[in-house]
Structures are given as structure tokens and as C-alpha cells.
1. Quick one: which residue in A68, A24 is among the small types (G, A, S), modelled with pLDDT of 95 or more and part of a helix (DSSP H, G or I)?
2. Hey, among the residues in region 134-154 that are assigned to a loop (DSSP other than H, G, I, E, B) and at pLDDT 95 or above, which one's surrounded by the fewest Cβ atoms within 10 Å (Cβ to Cβ)?
3. Hey, can you tell me all the residues within region 89-120 that are under 22 Å from A136 (Cα atoms), without any contact (Cβ under 8 Å) to a residue 12 or more places away in the chain and assigned to a helix (DSSP H, G or I)?
4. Spot the failing condition for G244; the list is (1) closer than 25 Å to D174 by Cβ; (2) buried (at least 22 other Cβ atoms within 10 Å of the Cβ), and only one is missed.
5. Restricted to region 217-232, and to residues that are under 11 Å from R189 (Cβ atoms) and touching a residue at least 40 places away in the same chain (Cβ under 8 Å), which residue is surrounded by the most Cβ atoms within 10 Å (Cβ to Cβ)?
6. If only one of V302, V282, V277, V267 is β-branched (V, I, T) and either modelled with pLDDT of 85 or more or under 31 Å from the mean Cα position of the chain (by Cα) (or both), which one is it?
7. Taking into account only those residues within region 161-172 that are surrounded by fewer than 20 Cβ atoms within 10 Å (Cβ to Cβ) and in contact (Cβ under 8 Å) with a residue 12 or more places away in the chain, which is nearest to A68 (Cα to Cα)?
8. State whether one or more residues within region 251-259 are closer than 20 Å to L166 by Cα and part of a loop (DSSP other than H, G, I, E, B).
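The values are calculated or read from the model by the stated rules, or taken from the named source; none is laboratory data. Predicted, not measured: the structure shown is a model, and the values here were computed from it. No Cβ is skipped: glycine too gets one built from the backbone with ideal geometry, and neighbour counts run over all protein chains shown.
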Amino acid sequence: MPRRRGASGEDAEETGRTRATSVAISRAEAQPSHSAERSKPPAPRAFASGLHIVATPIGNMGDVTLRALATLRAVDVIACEDTRVTAKLLTRHGIRARLVAYHEHNAERMRPLLLERLRRGDAVALVSDAGTPLVADPGFKLVRTAIAEGLTVTALPGPSAMLTALVLSGLPSDRFLFAGFLPPKPATRRQELAGLAGLAATLVFYEATPRLSATLADMAAVLGERRAAVARELTKLYEEVRHGSLAELAAHYGAAGPPRGEVVIVVGPPAAEAAAVDSDAVDRELAAALTEMSLRDASAAVAATTGLPRRAVYARALRLAGRAR
């Protein structure tokens, strides 16, 4: 074999040994030892297992988050109120996923099946038709049971009609109560409002538009003269927030008729002087007065002795009378 130009025989021999050593090292690196194989961790799942509570847009489809889309693409199954509604969102973003219906009418049958999926390590997303699940939507019992069994539950924050209306209302937001939907029957509705009258907090309600005027009138009668706001079509093209007193808003919608779209009512807290009164003491006075007088007369008498607005006292009397039945 001819000698390489510029290299002695010893150089060539050394070069050969170096190459052989490099090949041996490369082969050793390519074939890990049995001990390394034993210590190698298992391949990770493509996506974390558990129950993922995913908020979806309440109107404007651009409000869906990047994290929500990534989760809906990755989970094993999506549990939703109406598969047709969720399918529109998924189609818009090119997501193909398995959908199962989970709503108040089939929850008892579907909940065990979803829980079994979670137990075996599946990733399950829970969505509502719009907004954040569990806020006036199904899902509470599924989450409660999953937590009780030690299964992983996580929530992806996002759109919420209740919070959006509160922010736009201009009313105090440091302390508020979301009360969902009020009862449709006027008498029951007024009793429930009476139970909320003494809370020193902003109140937030959902309401069906055909009942809006009547509900606002009941609120004015039971809660008294408070500032309020009616928000509708939130995040959509014709979003509107109307501000005024409860009586003014009741009169407006009584004359204009039911508005279109979804509605949220936000009611300001009672006046500071009304909130500062010892409510238990007022209830005791009312209870004593109601044993001898009519509801209206007892309210008037206690209002006179406490200096509270008659409407506020009447609201408390309604609540007490409802408890006694």
C-alpha cells in the first residue's frame, strides 16, 4: 500500500488506532448498558390526564384562548352541553375531536362513564355552550366527585358573562354575589330577593328576556331604590349596557318590551346606613310584630322604630313570613 504523502509510517499507524478507538466509542454510545435501560423513565403522555374545565366564548369567537384550543385538540374526549354548539367552535379552528353530550338530562347516566375514563388515565375536557362551565351550567357534580376520588382537575380561565357584566356595570366589585337565575314565579322570586336584600354586596343575576321587566319591578319593590345595570349581547356586535335605578330600568323595559339576546342584571349594594344595621335585631323586632300585626303594618312599625327604609324592612318581613310557612 502506498504511503500517504506527508505522513510517516508511525503517523499512519497512530491514525489507524485513533479511528478504531472513535468507532468503538461511537458504538458504545449508540448501545446503552442494561443498567441505563432499566433507569430510563417511561415515555411521557402526549397530554396530561385528568378533567380539564375549559371556558369557551360567550359571543365573540375571537375570545377563545390559545390554551383552550390546544387542550381541545389534545384531550381524549370533550364532554359538552350540546355537541352541535361545540362542533361549530371546533370546526372554526380545524379541530377534530370526539364529543359526548353531558347535560342535566343525561348527567346521571353519563357521569359514571366520564369518571371511569378519568380513572384509567384519559384526558377529558368539560365545556358549556358558552362561558365558564359550572357557572349556571352543568358540571358541579362531576367536578365534586372527581375531587373526592383524588382525580386531577384543572381549570382554564376564560370568558364569563357574569364577570363581564360586573366589570361593565360601574357598580362596586370588591364584594359581590352571583345568584344565578331567580325563580320564574313572582311570589317565589320576591321571597328569594327578600333573602338577599340585607347583603352588603353587589348582586348579579341571569334572566330570561321575557321576564326582564317583571323581575326588575320585583327587585325595585323588594330591594328598594338601588342603582343597577342590564347588560345584553355581551362581546357581540350589538353589545349594550343600560344603567339606571331599578325602577327606571323596569319602566324602560316595560315600555320597550323584551330585548333580544342574553341578559345579565347587576344590582348595587344597599345604602351604607341600611347595611350597617344589626339585621338580627331587625328580624327579632319583625318576628315579634308579625305575631300581632299584618305584614304591611309590622313592616311600617319596625321601619319607624329603626329608621330604616320601609321597603327594606318590608323585604325582610317577606323573607321571615316565607320561612314561617
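1. Numbers: A24 fails: modelled with pLDDT of 95 or more.
Of the residues listed, the single one that is among the small types (G, A, S), modelled with pLDDT of 95 or more and part of a helix (DSSP H, G or I) is A68.
2. Going through region 134-154, the residues assigned to a loop (DSSP other than H, G, I, E, B) turn out to be 134-139, 149-152.
Retained after the next criterion (residues that are at pLDDT 95 or above): 149-152.
On the way: E149: 10, G150: 7, L151: 17, T152: 14.
Ranking the candidates gives G150 first.
3. Restricting attention to region 89-120, the residues satisfying the condition of being under 22 Å from A136 (Cα atoms) are 89, 99-112, 114-115.
The next check asks that each one be without any contact (Cβ under 8 Å) to a residue 12 or more places away in the chain; those that pass are 105-106, 108-109, 112.
Scanning region 89-120 gives E108, R109, P112.
4. Failing condition for G244: (2).
5. For region 217-232, the residue satisfying everything is M219.
6. Matching residue, one of V302, V282, V277, V267: V267.
7. The selected residue is L168.
8. For region 251-259, residues closer than 20 Å to L166 by Cα and part of a loop (DSSP other than H, G, I, E, B): present.
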